[in-house]
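The block underneath contains the structure these notes are about, expressed in C-alpha cells.
The values are calculated or read from the model by the stated rules, or taken from the named source; none is laboratory data. If you're wondering where the values come from, they're calculated on a predicted model, not measured in any experiment. Cβ sites come from the backbone with ideal geometry, for glycine too, and all protein chains shown count toward neighbours.
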Amino acid sequence: MSTSTDTVTHPRVASLLPAATEIVCALGYGGQLVGVSHECDFPPGVEKKPVMTRSKVIQRESSGAIDRDVRQVLRDALGVYDLELEALRSAAPDVIVTQDLCDVCAVSFEEVQRAANELLPGAKLVNLAPTRLDDLWKNLRQVAEAFGVPERAEGLIDQLASRLADISHRAKHLARRPHVLSIEWIDPVMIGGMWMPELIEIVGGRPLVTHAGDHAPTLTHEELRALDPAPDVVLIKPCGFSLERSLMELETLRDLIEEMPWPAKNDGDVFLADGNAYFNRPGPRLVESAELLAAVVHPFDFMDFGAKHADSFVRVARR
C-alpha cells in the first residue's frame, strides 16, 4: 500500500470521519469524495455520498445508556464501528482519510489499514490524530499534500489562524477572566480536553480540570462539587449530540447542575451547545467553535458572535 506523496490529478477520496470530510471540502475537494462515514453531515450535500461505515451501538434515549453500550462493545474487544467493505471496494478511492486517535470516534485505523491492504493496495492512507490546535494545521497540510496541493493548506491555515488571533486580541483587552468548565458527556460527566483548554484561553477564560492535549477525564459528582476554583461558566456540548438531541436530556442536566455549589449556577451562566457541529470535530469549524465559546464566556463583549451562533446554544435555566 502506498503511503508516498505521489499524487493523482483528480483523486477519488473516501473520508471516514466527519472532521476529515470537512477538511477535504474546505480544501476544495468535496467534489472528489466518493465515500464518507455514516456521521458525515457537513457541508450540506455530503450526506448524499456513499456511506462507508456503520455503528454497532444503538442510539439510546439517554447518554448513560449509550455510554454503557459503548463500554460493553469495547469490553468485547470490538470496534464501535464497522467498515462497509463492499462499499469501499466499489468506491475504489485513491486516497482514504482516517484516524487512529479514538476508537469511539471512527473506525479503527487498524481495520482501515487491513481493508485497504486487501481491497485497495494502491490507495494512499492519510492518518489523522489531532489532540491540539496545532495538530489541526498539521492535518490540513497532510490532506493537502496527499492531493498534491500544499499551497491550499497554507492559505486556509492563514485564514483560520487569523480569525483565532482576532478573537484572542479582543479577549486580551477584557478585565474579567472567568473559570470555565467544559463538559464533553453528560452521564457519566466527562470534561473536555484536547483542544478545548486552548480554545477557552483564546477567548479569555481559564480552563478547569484539563490541559491542552489531555484526554477527557471522567469526574464523579463529588469531584465536581469539590472543584476549586469552582466554575464561573459551564459549557455542556456532548460529543456527537446536536443541540436538539442534547435538549432531550435537559432534566438530567438540571438535576446535575442543581446540586453543584458553582457560581455558574447561581449567576445563570450554564450553557448547552451543539457539540456535534462544533467543539467535537477537529476541523476548520473549530474557529466557529471559538466564536460560539467567546459568546458564552463574554456574552456582552462578543454579542456579534452570540447573534451569529444563536441557533447553536442555549442558556440552561434553573428550575
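Only one entry of Pro229, Pro197, Pro188 meets the criterion of being in contact with a helix residue (DSSP H, G or I) (Cβ under 8 Å, 6 or more places away or on another chain) and in contact (Cβ under 8 Å) with a residue 12 or more places away in the chain, and that entry is Pro188. In the condition set (1) of a type outside the set (S, T, N, Q); (2) crowded, with 22+ Cβ neighbours inside 10 Å; (3) modelled with pLDDT of 95 or more; (4) out of contact with any Cys (no Cβ under 9 Å at 6 or more places or on another chain), Val112 is compliant with all but (3).
Pairing residues of segment 112-139 that are without any contact (Cβ under 8 Å) to a residue 24 or more places away in the chain with residues that are crowded, with 19+ Cβ neighbours inside 10 Å and not in a helix (DSSP H, G or I), at Cβ distances under 8 Å and at least 6 apart in sequence or on separate chains, gives Lys138/Pro130.
All conditions in (1) surrounded by fewer than 16 Cβ atoms within 10 Å (Cβ to Cβ); (2) modelled with pLDDT under 95 hold for Glu39, with the sole exception of (1). Here is a check on your reading of the model: is Asn117 in a helix (DSSP H, G or I), under 17 Å from Ser37 (Cβ atoms) and not β-branched (Val, Ile, Thr)? Taking the combined requirement at face value, the residue does not satisfy it.
Output yes when any residue across segment 233-244 is of a type in the set (Gly, Ala, Ser), over 21 Å from Asp135 (Cα atoms) and buried (at least 20 other Cβ atoms within 10 Å of the Cβ), and no when none is. Talk me through it step by step, then tell me what you get.
Of segment 233-244, the ones of a type in the set (Gly, Ala, Ser) are 240, 242.
Right, trim to over 21 Å from Asp135 (Cα atoms) and you get 242.
Adding the requirement that they be buried (at least 20 other Cβ atoms within 10 Å of the Cβ) leaves none.
No, the conditions are met nowhere in segment 233-244.
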